[in-house]
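Enquirer: The structure follows.
The values are calculated or read from the model by the stated rules, or taken from the named source; none is laboratory data. As the structure is a computational prediction, the values presented were derived from the model and not from experiment. Because the Cβ atoms are built from the backbone with ideal geometry, glycine has one as well, and the counts that use them run over all protein chains shown.
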Amino acid sequence: MGVGEHVRQIADEPLQQLTCHYASGDLLVSFDRHNTREQYGAPYLQMHRADLHALLVERLRALAPDAIQIDHRLVEVSLSDDATSQGVSLRFENSAGREIERRVPAVIGADGLKSLVRRTLWQVEPPAYSGFVAWRGLAEASQIQAELSEGSKVFAGPGRLFVRYPIRQGRLMNYVAFLKVAEPQGESWSQQGEVTELQALLVGFHSEVAAILAATPEGRCHKWGLYARTPLAQWSRGDVVLLGDAAHPMMPWFGQGAASALEDAVILGRCLQESTSMAEAADRFQRTRLERVSFIHRESQAGGERLTALHPERLRDSAVRNEDSLGLMSYDPVLGPLCA
């Protein structure tokens, strides 16, 4: 996509991933990332999502200055009922409240987990509450009063999980906590949470966890319920094709949602180059991608229960099921074969 070197310059490359006992901090599982480049042909990188977005926007504008407009929210999408009419109608609202209408020859609906394109043009089942709630926050590494090991770390406990990893060259510590909560919670990613609530829920966790939470600016984090969605059997309709979480929404346990969307983009781009119509490209795209994303979807659905087992010690003695053992990182969307 032309941003690899820029990504490597600003991303963090954790050389180890550790899974530890939630209370004692004892090591349960470790993954050595020193040979990732040799093993997979690329580094294992972690970065702030907004930084990646900014790089992609900058790259696209360098290639085609008028190709992207930000600060616009899609509010309506419709296909014509007239068989002789071509194209798709879109209506947006911008940040100033102004409405903009467009009629375009084709649409790639890459509008995420809560895709308006999917909800409008497909019959979809309502999402089902997974029983888990996520809290996410950022802390300045310089404010964390604890000795932190390098790389990323998971603290696994009964019904509770705390994940932390550095971003922006280690200046920030990103964390997310997953907890089993019986009562369904709202799904808004902008919903505010209070760190004091999370601290109370993570009583008994290792002192490193407590130190990271205490360093959260203004004691504010984000909190939302995790909802499972059924993947679609068909990703295209007319001149509309879905991509990423809009087509195959995943639970976050393997961190593969954004990665799968990037893979989708590469494969769809290749299919468009080698096809004579959007319909042909969309068909090849789905047939090429369906088996892989269906497998990741199934594994992601089961990941939460496995990681929050009542006895975290079992993780040490159980067969590991992660990106490496499942072969997820051996996949190459640039050179892999396309379905005919």
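Enquirer: Among the strands (runs of 3 or more DSSP E) contained in the stretch 11-82, which hold 1 or more residues that are assigned by TED's automatic domain parsing to the domain that holds S152 and touching a Cys at 6+ places or on another chain (Cβ under 9 Å)?
Expert: Details: elements: 16-21, 27-32, 72-79.
So the answer is 27-32.
Enquirer: Regarding the stretch 327-337, can at least one residue be identified that is among the hydrophobic types (A, V, I, L, M, F, W, C), surrounded by 15 or more Cβ atoms within 10 Å (Cβ to Cβ) and more than 25 Å from A134 (Cβ to Cβ)?
Expert: Step one: filter the stretch 327-337 for residues among the hydrophobic types (A, V, I, L, M, F, W, C), giving 328-329, 334-335.
Now restrict to residues that are surrounded by 15 or more Cβ atoms within 10 Å (Cβ to Cβ): 328-329.
Narrowing the set further to residues that are more than 25 Å from A134 (Cβ to Cβ) leaves none.
Checking the stretch 327-337: not a single residue is among the hydrophobic types (A, V, I, L, M, F, W, C), surrounded by 15 or more Cβ atoms within 10 Å (Cβ to Cβ) and more than 25 Å from A134 (Cβ to Cβ).
The rows are residues; the columns are (1) touching a Pro at 6+ places or on another chain (Cβ under 7 Å); (2) part of a helix (DSSP H, G or I); (3) farther than 24 Å from R306 by Cβ.
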| residue | (1), (2), (3) |
| --- | --- |
| G193 | no, no, yes |
| L198 | no, yes, no |
| G204 | no, no, no |
| E218 | no, yes, yes |
| W224 | no, no, no |
| A233 | no, no, yes |
| M250 | no, no, no |
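Enquirer: Looking only at the stretch 307-324, decide whether some residue is part of a loop (DSSP other than H, G, I, E, B), closer than 30 Å to E183 by Cα and modelled with pLDDT of 90 or more.
Expert: Scanning the stretch 307-324, I find no residue that is part of a loop (DSSP other than H, G, I, E, B), closer than 30 Å to E183 by Cα and modelled with pLDDT of 90 or more, so the answer is no.
Enquirer: Could I ask something else about it? Would you check which residues across the stretch 140-171 are of a type in the set (K, R), out of contact with any His (no Cβ under 7 Å at 6 or more places or on another chain) and on the phi > 0 side of the Ramachandran plot and list them? Give the steps one after another, and end with the answer.
Expert: Of all residues in the stretch 140-171, those of a type in the set (K, R) come to 153, 160, 164, 168, 171.
Keeping just the survivors that are out of contact with any His (no Cβ under 7 Å at 6 or more places or on another chain) gives 153, 160, 164, 171.
Within the stretch 140-171, none qualify.
Enquirer: Run T230 past the list (1) under 17 Å from the mean Cα position of the chain (by Cα); (2) of a type outside the set (F, W, Y); (3) surrounded by 16 or more Cβ atoms within 10 Å (Cβ to Cβ) and report the number of the one that doesn't hold.
Expert: Status for T230: all satisfied but (3).
Enquirer: Could I ask something else about it? Looking at G157 and the list (1) farther than 24 Å from L15 by Cβ; (2) touching a Ser or Thr at 6+ places or on another chain (Cβ under 7 Å), which single condition is not satisfied?
Expert: (2)
Enquirer: Also: Scan the stretch 140-174 residue by residue and report those that are part of a strand (DSSP E or B) and free of Cβ contacts under 8 Å to residues at least 40 places away in the same chain. Lay out the reasoning, then the answer.
Expert: Here is the first cut: in the stretch 140-174, the residues part of a strand (DSSP E or B) are 140, 152-157, 160-167, 172-174.
Selection gives V163 alone.
Enquirer: Let me spell it out: the conditions are (1) more than 30 Å from V176 (Cα to Cα); (2) surrounded by fewer than 17 Cβ atoms within 10 Å (Cβ to Cβ); (3) at pLDDT 95 or above, and V266 meets all of them except one. Which number is the exception?
Expert: V266 satisfies all of (1) more than 30 Å from V176 (Cα to Cα); (2) surrounded by fewer than 17 Cβ atoms within 10 Å (Cβ to Cβ); (3) at pLDDT 95 or above except (1).
Enquirer: Which numbered condition in (1) more than 30 Å from H206 (Cα to Cα); (2) touching a Leu at 6+ places or on another chain (Cβ under 6 Å) is the only one that S30 fails?
Expert: (1)
Enquirer: Looking at (1) more than 27 Å from S152 (Cβ to Cβ); (2) touching a strand residue (DSSP E or B) at 6+ places or on another chain (Cβ under 9 Å); (3) not in a helix (DSSP H, G or I), find the lone condition where T276 falls short.
Expert: Looking at each condition in turn, T276 falls short on (2).
Enquirer: Moving to a separate point now. Consider the stretch 3-18. How many of its residues are over 20 Å from the mean Cα position of the chain (by Cα) and in contact (Cβ under 8 Å) with a residue 60 or more places away in the chain?
Expert: Residues in the stretch 3-18 being over 20 Å from the mean Cα position of the chain (by Cα) and in contact (Cβ under 8 Å) with a residue 60 or more places away in the chain: 3 in total.
Enquirer: Just a yes or no: is a residue in the stretch 151-168 surrounded by fewer than 16 Cβ atoms within 10 Å (Cβ to Cβ) and over 19 Å from Q199 (Cα atoms)?
Expert: No, the stretch 151-168 contains no residue that is surrounded by fewer than 16 Cβ atoms within 10 Å (Cβ to Cβ) and over 19 Å from Q199 (Cα atoms).
Enquirer: For the stretch 92-139, give me each residue that is out of contact with any Pro (no Cβ under 9 Å at 6 or more places or on another chain), polar (S, T, N, Q) and either surrounded by fewer than 13 Cβ atoms within 10 Å (Cβ to Cβ) or in a loop (DSSP other than H, G, I, E, B) (or both).
Expert: S95, Q123
Enquirer: Is it the case that S300 is within 18 Å of L243 (Cβ to Cβ), modelled with pLDDT under 90 and in the same structural domain as L243 (by TED's automatic domain parsing)?
Expert: Details: within 18 Å of L243 (Cβ to Cβ): yes; modelled with pLDDT under 90: yes; in the same structural domain as L243 (by TED's automatic domain parsing): yes.
Judged against the criteria, S300 is a match.
So that you can scan it fast, the table gives a plain yes or no per residue for (1) loosely packed, with under 15 Cβ neighbours inside 10 Å; (2) polar (S, T, N, Q):
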position	(1), (2)
F254	no, no
G257	no, no
S275	no, yes
E291	yes, no
R298	yes, no
T308	no, yes
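Enquirer: Please work out if R168 is among the basic types (K, R), assigned by TED's automatic domain parsing to the domain that holds A200 and more than 17 Å from A214 (Cα to Cα).
Expert: On the way: among the basic types (K, R): yes; assigned by TED's automatic domain parsing to the domain that holds A200: yes; more than 17 Å from A214 (Cα to Cα): yes.
Yes; evaluated as a whole, the condition is true for this residue.
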